[in-house]
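Report on the structure given below.
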Amino acid sequence: MSADCAHVHRAGRVAASRAARYACVGSYNGSSELERRIHTTGLLEVDHRLVSAPYLRVVEQRTDGTTLLTQWDFRVTQPNVQRMSTTTAHSLEHCLGVFLREATQSVLNVGPMGCLTGFYITTVGMDGYDSMAEVLEQALSLTTSIESVPLANDRQCGWARDHSAEAAVRIASALLASRAEWHQVMAE
Ligand SMILES: [Zn+2]
């Protein structure tokens, strides 16, 4: 097992076989089994009572043989314990959407979860867990120095009045402070 995959193999205690099959994005090198067939899997679920936020994990991967699509779960707050305010989630969504795309062309989409405890991030060709964590760290670092939320205007946003740069800075700082724990999905 590579270090990159350790986080998902812990989650594998919950969904062992599928975790082992699909989670090792870090080992993807273009010639694996992933490349030889199209994957259509259900969402790789974890028990939300057993996780330890914040964390970053692979939810699902698909490939047509040449392009690897990955959906990530970036969990920001502890499920069923705490959630972001709509303002915080909205402003952090804008920051991640802009800064992740500036950092890499692999990020296709960043979307807040309806429960407001995290974000789904969709990537194309992202080549490993560590790469994703690094660009996420970069995007959050940029967020900590914003004076205004990007794209927070009524031409580019659907509810431009609902933003707070201070809230985005605050949550980005908190997430960076726990950067060393992102790979740990399940509580000990
Ligand atoms: Zn918006």
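Laboratory data are not the source of any read-out in this text; all were calculated from the coordinates shown. Source: prediction; values computed, not measured. Neighbour counts are summed over all protein chains in view; Cβ atoms, including those assigned to glycine, are modelled from backbone coordinates with ideal geometry.
When segment 149-188 is limited to residues that are free of Cβ contacts under 8 Å to residues at least 24 places away in the same chain, more than 9 Å from the ligand (Cβ to nearest atom) and in a loop (DSSP other than H, G, I, E, B), the one that is nearest to D47 (Cα to Cα) turns out to be R161. Give the residues of segment 50-84 that are out of contact with any helix residue (DSSP H, G or I) (no Cβ under 7 Å at 6 or more places or on another chain) and small (G, A, S), sorted by residue number. Matches in segment 50-84: S52, A53. The residues on offer are F99, F119, and the sole one that is of a type in the set (F, W, Y), touching a helix residue (DSSP H, G or I) at 6+ places or on another chain (Cβ under 8 Å), within 23 Å of S173 (Cβ to Cβ) and not in a helix (DSSP H, G or I) is F119. Among the candidates S145, S131, single out the residue that is free of Cβ contacts under 8 Å to residues at least 60 places away in the same chain, surrounded by fewer than 18 Cβ atoms within 10 Å (Cβ to Cβ) and in a helix (DSSP H, G or I). The match here is S131.
How many residues, within segment 134-148, are of a type in the set (S, T, Y) and either touching a His at 6+ places or on another chain (Cβ under 8 Å) or within 16 Å of the ligand (Cβ to nearest atom) (or both)?
Going through segment 134-148 one residue at a time, the tally reaches 2.
Within segment 45-68, the set of residues being within 24 Å of L175 (Cβ to Cβ), assigned to a loop (DSSP other than H, G, I, E, B) and touching a residue at least 40 places away in the same chain (Cβ under 8 Å) comprises V46, L50, S52, A53, P54.
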